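The values are calculated or read from the model by the stated rules, or taken from the named source; none is laboratory data. All of these numbers come straight from a predicted model, not from anything done at the bench. Note that each Cβ is placed from the backbone with ideal geometry, even for glycine, and that neighbours are counted across all protein chains shown.
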Amino acid sequence: AMYNTKVYLKREDLCHTGAHKVNNTIGQILLAKRLGKKRIIAETGAGQHGVATATVCALMGMECIVYMGEIDIKRQAPNVARMKMLGAEVRPALSGSKTLKDATNEAIRDWINNPVDTYYIIGSVVGPHPYPDMVARFQSVISKEIKSQLLEKEGRENPDYVIACVGGGSNAAGAYYHFLDEEDVNIIAVEAAGLGVHSGESAATSALGKVGVIHGSKTLLMQTNDGQITEPYSISAGLDYPGVGPIHAHLFASKRAQFISITDVQAMDWGLKLSKL
């Protein structure tokens with residue numbers, strides 16, 4: 001009633017392990033098993049992908065090592081405890097900003113050193129091909145469900161708008177996937193502005209980034225004039241990534257999606273308001 005429209009929340013937090021991440025880890029663990037891998041590694045920021053990976057490794061009886069930034073280990077302690085409870089080893093990333101980017105660096109380093117027996121379950125639509133495409137396909141169940149659920153509720157498959165937050169962007173990629181060719185559906189990507197887009201403490205890649213290469217993919221990237229990656233910031237442990245997945249860089253460049261940025265304070269304020277509706 002406040003906006004004279006109907007707003008539906010896609011509750012991926014109700015999935016097993018508490019987030020959308022398990023959509024992807026189930027698919028990838030089956031692939032790892034088929035490839036005959038014995039050891040699974042993963043990176044995690046908020047810890048949700050780490051928990052989802054630890055869960056499927058426990059299911060399949062496989063060794064699990066999760067790389068996580070030292071700062072994220074402290075601020076996401078409950079998820080660290082869950083990973084350990086599921087039998088995973090959590091290794092801290094001690095370099096750089098000690099957050100998601102650095103955890104990804106450590107995981108890729110491990111993967112390069114152990115190519116024979118190790119499979120790397122990347123948690124977002126980032127990294128080298130085929131990961132961005134593969135993760136988006138596994139997460140596309142989100143938009144598939146949106147279509148069927150909306151048909152049931154409203155008698156139509158397509159919403160007017162699909163809105164999702166973007167860090168690396170796997171949840172967003174999944175939410176947009178089956179609507180990309182539907183011209184009547186507006187796609188809105190919301191990035192973490194941190195303390196403000198131009199505050200120096202932000203993760204608003206579309207506003208601050210330019211084309212570069214990170215973790216094996218060419219995409220939009222926050223970087224200095226000489227190509228050094230700048231440190232991202234967000235109150236959200238999962239959104240402080242200095243780039244976006246290449247699918248989102250394409251959506252931005254082609255203007256298929258509209259990108260906006262929200263500060264920590266705005267996100268907290270409206271999250272609280274939403275809870276009270």
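I want to confirm something. Restricting to the range 139-171 and keeping residues that are closer than 20 Å to Met268 by Cβ and among the small types (Gly, Ala, Ser), which single residue is farthest from the chain's Cα centre (by Cα)?
Only one residue tops the list, namely Ala164.
Restricting the range 181-198 to residues that are within 13 Å of Asp240 (Cβ to Cβ) and within 15 Å of the chain's Cα centre (by Cα), which is surrounded by the fewest Cβ atoms within 10 Å (Cβ to Cβ)?
That would be Ala192.
I'm checking my understanding of the structure. Among residues of the range 9-62 that are under 19 Å from Pro132 (Cα atoms) and of a type in the set (Gly, Ala, Ser), which one is surrounded by the fewest Cβ atoms within 10 Å (Cβ to Cβ)?
Gly27
Quick one: which helices (runs of 4 or more DSSP H) sit completely within the range 53-164 and have at least 3 residues that are modelled with pLDDT of 95 or more and more than 30 Å from Phe179 (Cα to Cα)?
Helices (runs of 4 or more DSSP H) meeting the threshold: 70-75, 77-85, 100-113.
Quick check on my filter: what residues within the range 75-96 are in contact with a Phe, Trp or Tyr (Cβ under 9 Å, 6 or more places away or on another chain) and either crowded, with 20+ Cβ neighbours inside 10 Å or within 22 Å of Ala32 (Cα to Cα) (or both)?
Val90, Arg91, Ala93
Working only within the range 27-52, note down all residues that are farther than 16 Å from Ala237 by Cβ and touching a residue at least 60 places away in the same chain (Cβ under 8 Å).
Matches in the range 27-52: Gly27, Gln28, Ile29, Leu31, Ala32, Leu35, Lys37, Lys38, Arg39, Ile40, Ile41.
Look through the range 109-127, keep the residues that are over 15 Å from the mean Cα position of the chain (by Cα) and in contact (Cβ under 8 Å) with a residue 40 or more places away in the chain, and return whichever of them is surrounded by the fewest Cβ atoms within 10 Å (Cβ to Cβ).
So, considering only residues that are over 15 Å from the mean Cα position of the chain (by Cα) and in contact (Cβ under 8 Å) with a residue 40 or more places away in the chain, the one surrounded by the fewest Cβ atoms within 10 Å (Cβ to Cβ) is Asp117.
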